[in-house]
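This report refers to the structure that appears directly beneath it.
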Amino acid sequence: AQKITQTQPGMFVQEKEAVTLDCTYDTSDPSYGLFWYKQPSSGEMIFLIYQGSYDQQNATEGRYSLNFQKARKSANLVISASQLGDSAMYFCAMREGRDGGFKTIFGAGTRLFVKA
Amino acid sequence: DTEVTQTPKHLVMGMTNKKSLKCEQHMGHRAMYWYKQKAKKPPELMFVYSYEKLSINESVPSRFSPECPNSSLLNLHLHALQPEDSALYLCASSQAARHQETQYFGPGTRLLVL
């Protein structure tokens, strides 16, 4: 059974510093996609970054990078130079290939607080 | 700005009411999704439409009825809901229902059932 684990319910970071949000996953499917989403208090789920299981390099998107360690089944999100607007809930998610990729399973989320 | 729109943003309804949530995407995507999200919980998949055909129904009660009139529109018809159905309802779309395709979400509809 697929599973996404985010062990940090809440994280604090000082403005302008970097922060790492942890995510581990469990799957036996060789084909899968890993995603990170940001959800501010407004409720909208904002896509941040994607990593495919066959990608050789870690994904990067602006201030976001994904530390993909396939053997350890981890896909941690690194946010560099934190901003006050980064305060939000962050979800790690996975889609497997064998079920047609229809389902996205989300982790429990990590709430990030950025301090001025 | 999101290219997935949802209306209404907020909805309050009684248990005997019939209402509909609407979702529209402007990205030419062929897969659309409904999720339910309770407070402080991750989203849970309800329905998946792929090429306007229902592909997944995650054992959702029949008081929720999805409809996909065309590839860019997705509705969720609500009837005889219960107070525990109060939640944020999120619509999403992706190019296709494949594991490497990113889902893009709308702003959601906050539903309160009295």
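The values are calculated or read from the model by the stated rules, or taken from the named source; none is laboratory data. Just so we're clear, the structure is a prediction, and the values are computed from it rather than from any experiment. Neighbour counts are summed over all protein chains in view; Cβ atoms, including those assigned to glycine, are modelled from backbone coordinates with ideal geometry. SASA here: full protein model, heavy atoms, side chains in, ligands and nucleic acids out. Shrake-Rupley method; radii C 1.70, N 1.55, O 1.52, S 1.80 Å.
Data for the structure
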quantity	calculated
All positions within region A:1-17 that are assigned to a loop (DSSP other than H, G, I, E, B) and surrounded by 15 or more Cβ atoms within 10 Å (Cβ to Cβ)	A:GLN2, A:GLN6, A:GLN8
Of all residues in region B:65-92 being assigned to a strand (DSSP E or B) and among the hydroxyl-bearing types (Ser, Thr, Tyr), the one that is surrounded by the fewest Cβ atoms within 10 Å (Cβ to Cβ)	B:SER65
Given (1) of a type outside the set (A, V, I, L, M); (2) part of a strand (DSSP E or B); (3) closer than 17 Å to B:LEU112 by Cα; (4) open to solvent by 50 Å² or more (accessible area, probe 1.4 Å), index of the condition B:TYR35 fails	(4)
Scope region B:2-17; condition modelled with pLDDT of 95 or more and open to solvent by 40 Å² or more (accessible area, probe 1.4 Å); matching residues	B:THR5, B:THR7, B:PRO8, B:LYS9, B:HIS10, B:VAL12
Region B:38-59: number of residues that are outside any strand (DSSP E or B), surrounded by 13 or more Cβ atoms within 10 Å (Cβ to Cβ) and either of a type in the set (Gly, Ala, Ser) or at pLDDT 90 or above (or both)	4
Checking B:GLN25 against (1) modelled with pLDDT of 95 or more; (2) at positive phi, the condition it does not meet	(2)
Conditions (1) of a type in the set (Ser, Thr, Tyr); (2) open to solvent by 30 Å² or more (accessible area, probe 1.4 Å); (3) touching a strand residue (DSSP E or B) at 6+ places or on another chain (Cβ under 8 Å); (4) without any contact (Cβ under 8 Å) to a residue 24 or more places away in the chain; number of the one not met by B:SER62	(3)
Selection status of A:SER80, within 12 Å of the chain's Cα centre (by Cα) and polar (S, T, N, Q)	no
Residue match in region A:18-30 (condition: closer than 30 Å to B:LEU111 by Cβ, surrounded by 17 or more Cβ atoms within 10 Å (Cβ to Cβ) and within 11 Å of the chain's Cα centre (by Cα))	yes
Unmet criterion (only one of (1) surrounded by fewer than 20 Cβ atoms within 10 Å (Cβ to Cβ); (2) of a type outside the set (Asp, Glu); (3) more than 8 Å from chain B (Cβ to nearest Cβ); (4) part of a strand (DSSP E or B)) for A:TRP36	(1)
Residues of region B:41-99 classified as over 18 Å from A:PHE102 (Cβ atoms) and among the aromatic types (Phe, Trp, Tyr), total	1
Conditions (1) under 10 Å from the mean Cα position of the chain (by Cα); (2) away from every other protein chain (no Cβ under 14 Å); number of the one not met by B:GLY14	(1)
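Residue-by-condition table, conditions (1) modelled with pLDDT under 95; (2) open to solvent by less than 80 Å² (accessible area, probe 1.4 Å); (3) of a type in the set (Lys, Arg):
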residue: A:GLN56; (1), (2), (3): yes, no, no
residue: A:ALA81; (1), (2), (3): no, yes, no
residue: A:GLY85; (1), (2), (3): no, yes, no
residue: A:GLU96; (1), (2), (3): yes, yes, no
